[in-house]
1. Counting just the residues of segment 282-304 that are crowded, with 18+ Cβ neighbours inside 10 Å and in contact (Cβ under 8 Å) with a residue 40 or more places away in the chain, which one comes out nearest to Glu321 (Cα to Cα)?
2. Between a first residue in segment 33-57 that is free of Cβ contacts under 8 Å to residues at least 24 places away in the same chain and a second residue that is crowded, with 17+ Cβ neighbours inside 10 Å and assigned to a helix (DSSP H, G or I), which pairs have beta carbons less than 7 Å apart while being 6 or more apart in sequence or on different chains?
3. Which of the helices (runs of 4 or more DSSP H) found entirely inside segment 87-205 contain at least 2 residues meeting this: closer than 25 Å to Pro23 by Cα?
4. For Phe18, state whether it is at pLDDT 95 or above, within 27 Å of the chain's Cα centre (by Cα), outside any loop (DSSP other than H, G, I, E, B) and under 26 Å from Thr315 (Cβ atoms).
5. Out of Thr355, Thr315, I need the residue that is within 14 Å of Thr20 (Cα to Cα), in contact (Cβ under 8 Å) with a residue 40 or more places away in the chain and assigned to a loop (DSSP other than H, G, I, E, B). Which one?
6. Quickly run through segment 238-282 and pick out the residues that are outside any helix (DSSP H, G or I) and in contact with a strand residue (DSSP E or B) (Cβ under 7 Å, 6 or more places away or on another chain).
7. Which count do you get for residues in segment 111-122 that are surrounded by fewer than 21 Cβ atoms within 10 Å (Cβ to Cβ) and either in contact (Cβ under 8 Å) with a residue 24 or more places away in the chain or in contact with a Cys (Cβ under 7 Å, 6 or more places away or on another chain) (or both)?
8. All but one of (1) surrounded by fewer than 19 Cβ atoms within 10 Å (Cβ to Cβ); (2) over 18 Å from Thr152 (Cβ atoms) hold for Leu329; which doesn't?
Amino acid sequence: MNDFYAILDTMQKQSVVFFTPGPAQLYPTVKKHIQTALETNICSISHRSKQFEEIFSSTIANIKKLFNIPKNYHVFFLSSGTEAMALTILNCVDTESFHFVNGSFSKRFFKIAEALRKEPKKIEVDFGKGFDFTNLNIPQSTEVICFTHNETSTGVFTLLKEVYPLRKQYPDALFALDIVSSAPYADVDFSKFDCVFFSVQKGFGLPAGLGVIALSPRTMQKAIDLYEKGGNIGSYHNFPILLHYAQKNQTHETPPVLEIYLLGKVLEDMLDTGIKTIREETDAKAKLLYDFFENHPRWSVFVKEKKLRSPTVITINTGSETAKIKLYLAEKGYIVGGGYGEHKETQIRIANFPTHTMEQMKELLKAFENF
């Protein structure tokens with residue numbers, strides 16, 4: 001591992017591509033947008049200024065446009081996807097949430113509910129597996145049902161079309177969805193979800209430190225009801241406070257103004273490209289990767305069921321060669337992610353985000369071939 005970081009230290013002048021699943025490679029236009037921000041003093045403006053209110057407003061508008069979020073949904077800025085999990089539990093759960101757990105991040109959602117002294121229930125399957133949504137026994141007392149669209153730790157993808165029918169079965173529950181590592185690829189029908197959140201350091205190719213959450217009117221009303229009955233919905237970033245300031249195109253406290261500005265600009269770039277094109281390119285790159293590793297004599301795709309394979313985080317069993325592969329690729333200028341948790345030393349994870357081009361994927365696979 002020391003050799004790996006030593007190589008990174010010597011690569012300052014070399015062209016490096018990060019295929020890590022977060023933080024990821026910067027989106028190609030980010031450097032230009034940072035330069036513009038510096039030249040126009042974006043980093044120094046007040047978060048109570050008219051200029052910031054315009055940045056806030058335009059960025060929210062771009063988020064809603066890219067994801068086709070209904071006009072009556074509220075969109076707020078947070079610090080991370082993990083904060084979004086905590087606020088969802090605090091603001092939407094008096095007693096009981098329900099979680100689908102198949103990896104480290106879906107388990108984090110469940111553990112946060114436990115830490116907040118709720119009574120969460122779960123269905124848990126082995127890492128690399130999906131769920132059978134046709135035969136469930138979710139208590140009718142459940143207030144929020146929590147899903148992870150793309151399990152970053154394992155590369156398992158949940159098909160939303162299999163989740164949507166549950167809305168009719170559990171009409172009183174709120175539905176929460178983590179799209180942290182599937183955004184902006186994620187094609188979400190927001191009429192089926194009340195709370196959807198992501199962070200920007202993965203698919204949007206931005207520095208870490210900003211999260212985004214979209215909430216239905218039902219979610220906001222739930223938070224207000226909990227507060228009025230004496231529940232603890234948080235003292236700082238609770239949903240009603242976020243709404244109060246968002247209605248003025250402001251945040252409660254001094255936010256990462258540069259991050260919000262950069263997100264707005266990257267969203268403009270993605271809208272120019274078109275979300276349909278972004279999804280088609282993502283699928284094409286994912287097919288290239290999966291086809292290669294399916295036919296490799298020593299390595300194998302971790303997620304066996306093809307329909308559950310993530311298009312944005314490709315997880316490969318590389319066994320005892322993992323450390324050597326990562327070191328070799330780093331020498332060639334390609335940084336891939338290691339496995340997660342117990343799989344850290346036996347797997348690699350390859351990010352496939354909008355920032356990565358087909359040509360870069362082909363060059364990466366050439367490096368794998370020559371290992």
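1. Result: Phe302.
2. Correct list of pairs: Ser46/Phe52.
3. Working: elements: 104-115, 160-163, 166-169.
By residue number, 104-115.
4. Details: at pLDDT 95 or above: yes; within 27 Å of the chain's Cα centre (by Cα): yes; outside any loop (DSSP other than H, G, I, E, B): yes; under 26 Å from Thr315 (Cβ atoms): yes.
Yes.
5. Details: Thr315 fails: assigned to a loop (DSSP other than H, G, I, E, B).
Just one listed residue meets the conditions, Thr355.
6. Taking segment 238-282 and keeping what is outside any helix (DSSP H, G or I), we get 238, 247-256, 274.
Result: Thr251, Pro255.
7. Here is the first cut: in segment 111-122, the ones surrounded by fewer than 21 Cβ atoms within 10 Å (Cβ to Cβ) are 111, 114-119, 121-122.
Next, from what is left, pick out any that are either in contact (Cβ under 8 Å) with a residue 24 or more places away in the chain or in contact with a Cys (Cβ under 7 Å, 6 or more places away or on another chain) (or both): 116, 118-119, 121-122.
Selection size over segment 111-122: 5.
8. Going through the list (1) surrounded by fewer than 19 Cβ atoms within 10 Å (Cβ to Cβ); (2) over 18 Å from Thr152 (Cβ atoms), Leu329 breaks only (1).
The values are calculated or read from the model by the stated rules, or taken from the named source; none is laboratory data. A quick note: this is a predicted structure, and the numbers were derived from the prediction, not measured. Backbone-built Cβ (ideal geometry, glycine too); neighbour counts: all protein chains shown.
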